[in-house]
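Worksheet: the structure to be examined is printed underneath.
The values are calculated or read from the model by the stated rules, or taken from the named source; none is laboratory data. The shown structure was predicted, so the numbers you read here are calculated from the model rather than taken from an experiment. We place every Cβ from the backbone using ideal geometry, glycine too, and count neighbours over all the protein chains shown. Surface areas here come from the heavy atoms of the whole protein model, side chains and all, with no ligands, DNA or RNA. Shrake-Rupley method; radii C 1.70, N 1.55, O 1.52, S 1.80 Å.
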Amino acid sequence: MQSKGEQRRTKMLERIKQAGKASISELMDITESSIATVRRDLEALEQSNLIIRTIGGAVYDEGSGRNNAAELAFADKRSVSKEGKERIAADAATLVEEGDVICLTGGTTTFLIAKALKNHQNITVVTNAVNIAAELFDAEGVQVVVSGGVMRHKSYELIGPLAESVIEKLNITKMFLGVDGVSREHGFTTHSELEARIAQLFIARSSQVYAVYDQTKLQKSALFTIIPYDGVTGVITDL
């Protein structure tokens, strides 16, 4: 027998699946629940890979298309194409010069770039990923700036209005953009609308933007486009 919480989440999922999407207010009405309860339930459904959260609610995650990039948690992605990602990180680090302000969004490749930057001197790393910030805590030559916000568990990225308000005040020399998928049709994509929004704000504050991705991301598209294919300064990949 399902618990009340399970019954509530089942009803929410049925509504999202039927319509393809649902707003928080709709889900509050059909479950007769508070906004806090609905948000907790949406987080649980997202962690089960059943839906994708958006700013105002959620959309159904089809997840079965051959060209669709399935979202994995950070821990599950670390071992995928590890050698290729390490080569990408090493190449990215060669672009970084003393005095640069570097932006790293969340992701396993950008995490390895952070590791490659630990011995650099007199640089600043701006990130919205708490695991990247933690990796750099003992790098004496690196100043670390972390946006505020609410952490998204799959990626460790901070999202939301607080993060946005911090980013709008920054000036960034070079940005390294982690992505979930890349194609000429849809550009550089990610699973989270909120993460896409944060990345777009970072891009607007950056003089140069480099997309970093391994070959497993090619010809795959996640739900939300961050930036068109020809909108970046360059790409760094393991091909």
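Results, tabulated for the structure shown:
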{"read-out": "Which listed residue is out of contact with any strand residue (DSSP E or B) (no Cβ under 8 Å at 6 or more places or on another chain), under 26 Å from Ala90 (Cβ atoms) and either without any contact (Cβ under 8 Å) to a residue 12 or more places away in the chain or not polar (S, T, N, Q) (or both), from Asp214, Asp138, Asp180", "value": "Asp138"}
{"read-out": "Residue in the stretch 156-164 that is of a type outside the set (Ser, Thr, Tyr), within 19 Å of Gly57 (Cα to Cα) and in a loop (DSSP other than H, G, I, E, B) present", "value": "yes"}
{"read-out": "Enumeration of residues in the stretch 84-131 that are of a type in the set (Ser, Thr, Tyr) and closer than 21 Å to Ser147 by Cα", "value": "Thr105, Thr108, Thr109, Thr110, Thr124, Thr127"}
{"read-out": "Single unsatisfied condition, Val144 versus (1) in contact with a Leu (Cβ under 6 Å, 6 or more places away or on another chain); (2) among the hydrophobic types (A, V, I, L, M, F, W, C); (3) farther than 26 Å from Glu98 by Cα", "value": "(3)"}
{"read-out": "Residue identified as closer than 20 Å to Thr237 by Cβ and either in contact with a strand residue (DSSP E or B) (Cβ under 9 Å, 6 or more places away or on another chain) or aliphatic (A, V, I, L, M) (or both) among Thr110, Thr127", "value": "Thr110"}
{"read-out": "Failed condition for Ile16, given (1) closer than 24 Å to Pro161 by Cα; (2) modelled with pLDDT under 90", "value": "(1)"}
{"read-out": "Checking Gln208 against (1) in a strand (DSSP E or B); (2) open to solvent by less than 40 Å² (accessible area, probe 1.4 Å), the condition it does not meet", "value": "(2)"}
